[in-house]
Amino acid sequence: MPRVDQANSHNAPGPWFVDTRCIRCDAARHWAPGLIEMDADGRSFVARQPINEDQEAALWRAAAACPTKSIGNREHRREPEGVFPYPMEVGVYALGNNALSSFGGHSYLVVRPDGNLMIDSPRFSRPLASSIDRMGGIAHLLLSHRDDVADADRWAERYGARVWIGEADADAAPYATDLLDGSTVAFIASGVSGIPAPGHTKGHVLYHVDDRCLFTGDTLLWNHRRGEFDVTPVQTWYSWSALADTMDRIASLQVEWVFPGHGMWRHTNAQEWTRLMSALGPAMRRVGRSAWARRPNTPYDWY
């Protein structure tokens, strides 16, 4: 529960507040930009109170996504119904309920006629599960890598879903039914493929759906502060050069939406995607990991 006694001193006066247990994951700031900002220590605070229904709803989404439950309302403590799943695009929903064990990572549901997909795992929540029940359950649970497994076992058990993960990260999900070998693109279902994407971890996988949506886990994000697609040098645990190679490979994909595990999502187009992505891998090699991490607005504060 949010702790009023630990409220950030920077909070604007009013009912909404953020407490200082915040882990700097940035998730709340994605859902309520301009309402929630970051202090000098990287922790979130309420910069201004909402003035209309849309802004109030944005703060409820931020509160429901917060992995430490650090966002609260002094006047209305019960979350309203229907905060998540939240529609992002036709057939694509953000699930909120970001897990602390995933460092506040996002997860998604894709509703499809031949079986729904859950990409990475939120915290298990009965209200969220009831919503997913009504939307048709889950046929495939697609894990991008070892860090964002969270409660995947509980979701898979509830729906009898097949669970996919990269072979090199498989020890994080011993209940997985399908392992991706890390060398070839895997066919998962009609229009759904798993693409090996080593860099952040050795077994990292991207999921490409209907030549339209790319679910990138911890590999690629939209850096809204810099206005470009970006990577996370501080959290590149496996290989910076392998991550640069991954950027080269995915630059040729057809992509309209990028949905990351950490960082901001992006609705893009062929021209922007090709221009930015064809330059990203070469820039990573030229600048190097250490210098990349020193650039202004480098996206590492979510760890």
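Structure above, values below:
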item: Relative contact order (%) - the chain, alpha-carbon pairs under 8 angstrom, separation at least six; result: 12
item: Apportionment of accessible area to carbon and sulfur, the chain, percent (1.4 Å); result: 50
item: Exposure of I23 as accessible area (Å², to 10), given a probe of 1.4 Å and all protein chains; result: 50
item: Under 5 Å, built H, 5+ apart or other chain: amide partners of N223; result: E228, F229, D230
item: Estimated translational D of the chain in µm²/s (Stokes, Kirkwood radius over Cα pairs; 10 °C; 1.306 mPa s); result: 81
item: Top of A58, A176, A291 by mean-square fluctuation, Gaussian network on the chain, Cα under 10 Å; result: A291
item: Euclidean distance of C-alpha centroids, region 22-58 and region 214-257, integer Å; result: 25
item: Length-normalised contact order for region 111-231 - Cα pairs under 8 Å, 6+ apart - percent; result: 18
item: Accessible-area ranking of M118, M88, largest first, probe 1.4 Å; result: M88, M118
item: Gaussian network model of the chain, springs between alpha carbon atoms under 10 Å - residue of E53, E157, E79 with greatest fluctuation; result: E53
item: Mean Cα-pair separation over length for region 33-151, i.e. relative contact order, pairs under 8 Å, 6 or more apart, %; result: 17
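The values are calculated or read from the model by the stated rules, or taken from the named source; none is laboratory data. Here the structure is a predicted model, which means the values were calculated and not measured. Ligands, DNA and RNA are stripped out before the accessible areas are found, and what is left, the full protein with its side chains, is counted by its heavy atoms. Shrake-Rupley method; radii C 1.70, N 1.55, O 1.52, S 1.80 Å.
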